[in-house]
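> Okay, here's the structure, questions in a sec.
The values are calculated or read from the model by the stated rules, or taken from the named source; none is laboratory data. Quick caveat: nothing in here was measured; it's all calculated off a predicted structure. Counting neighbours? That spans all protein chains shown, and the Cβs are built from the backbone with ideal geometry, glycine included.
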Amino acid sequence: REKVPCEPRHLGDAAPGEVTEAVKVAIDVGYRHFDCAYMYHNENEVGVGIQSKIKEGAVRRENLFIVSKLWCTCHKKSLVKAACTRSLKALKLDYLDLYLMHWPMGFKSGEADLPVDHNGMIIPSDTDFLDTWEAMENLVATGLVRAIGVSNFNHEQLERLLKKPNLRFKPVTNQIECHPYLTQKNLISFCQSRNVSVTAYLPLGGSSGGMHLMEDPMIQTIAQKHSKSAAQILIRFQIQRNVRVIPKSVNPKRILENFQESSCRNCAGWNRGWGWTGRAAARVLSRLTLTPVPATAPRLPRP
Ligand SMILES: NC(=O)C1=CN([C@@H]2O[C@H](COP(=O)(O)OP(=O)(O)OC[C@H]3O[C@@H](n4cnc5c(N)ncnc54)[C@H](OP(=O)(O)O)[C@@H]3O)[C@@H](O)[C@H]2O)C=CC1
Ligand SMILES: O=C1CO[C@H](CO)[C@@H](O)[C@@H]1O
């Protein structure tokens, strides 16, 4: 098979089977949207969980919304298709519902996911995200993915992409860090004014080593007032701003708790989203989030 420079490494930082089990629990609870990425190095485990539930008849592929992301070392146009195919193979799928450019900048292609020079600085590639986008557009045209989007794009980068001459497919979402300590008010307004949805990552403040958002006295006060958990308040914060939200949990009780909040009557469409990440808490390299898309959510058209 074609050699892809950024071959996945097996970091072994999530307990064996942990990701697969959490995917299965989440599907049973009702989650339908899974936020994955090559960089999380657990797409194979996710794929096992999904396949097992499809085989069991618990869910149908067409009712799932599977997202993956193009890593920075694969921004060169010639590498994009192979990178996408590699994620598909690991996930055991023949198409993705959404493929995101993980970051707007490209890194030197090769074995390392994070290529660094002797000063420990990331080695960039000479790629331009507009060219990378063209290769991603080809994935839609060939049916490997149904829609494409971006992540970690600021206002200027998104504007440049939207103004690209001969743009064939608009980004459907911009996945960005977003929570009460980083509300992203202006960027959200900009995205929404251009019909680009916003997806909030790190909505609970991240795992260990992250922020202590859930312990924030204001969040705690609001939670007590409404008889909700702090996590539920943080999730609802995004839903009420029309922002899709992808909190992570590998814990069955918390997977359910997060989902229950998202299933409330006032939360419509794509915004009834929840996330879950299958990775050991302290490691950033093995993440996966899943968000349920309700049966009534708009489906993306087939290419
Ligand atoms: N595009 C990008 O660049 C990025 C995207 N992401 C995506 O966003 C997702 C979410 O971000 P993430 O960094 O994981 O951080 P989150 O803000 O989702 O926080 C996750 C942490 O919260 C805990 N948690 C989850 N639910 C609850 C609850 N109900 N009560 C108490 N604690 C809870 C989890 O522990 P436990 O699992 O034990 O429940 C975990 O430690 C990632 O999984 C990834 O898919 C993240 C970073 C960057
Ligand atoms: O999604 C993400 C999680 O982990 C990666 C490695 O740290 C990040 O770069 C990325 O934004």
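> So, in segment 121-131, exactly how many residues are within 16 Å of ligand 2 (Cβ to nearest atom), of a type in the set (Val, Ile, Thr) and in contact with a helix residue (DSSP H, G or I) (Cβ under 9 Å, 6 or more places away or on another chain)?
Total satisfying the criteria: 1.
> Given the criteria on the phi > 0 side of the Ramachandran plot and either without any contact (Cβ under 8 Å) to a residue 12 or more places away in the chain or away from ligand 2 (no atom under 16 Å from the Cβ) (or both), does Asn166 qualify?
So Asn166 fits the description; yes.
> Further question: Taking Val140, is it out of contact with any Lys or Arg (no Cβ under 9 Å at 6 or more places or on another chain), crowded, with 17+ Cβ neighbours inside 10 Å and modelled with pLDDT of 95 or more?
It is false that Val140 is out of contact with any Lys or Arg (no Cβ under 9 Å at 6 or more places or on another chain), crowded, with 17+ Cβ neighbours inside 10 Å and modelled with pLDDT of 95 or more.
> Continuing with this model, one more query. Step by step: first the residues of segment 98-120, then only those that are among the aliphatic types (A, V, I, L, M) and part of a loop (DSSP other than H, G, I, E, B), then the one that is farthest from ligand 2 (Cβ to nearest atom). Which residue is that?
The residue in question is Ala112.
> Restrict the check to segment 50-64 and report whether at least one residue is assigned to a loop (DSSP other than H, G, I, E, B) and at pLDDT below 95.
no
> Would you say Thr85 is touching a Leu at 6+ places or on another chain (Cβ under 8 Å), over 30 Å from Ile188 (Cβ atoms) and either assigned to a helix (DSSP H, G or I) or modelled with pLDDT under 95 (or both)?
So Thr85 passes the test.
> Also, I was wondering about something else. Checking Val23 against (1) at pLDDT below 95; (2) away from ligand 1 (no atom under 11 Å from the Cβ): exactly one of these is not met. Which one?
(1)
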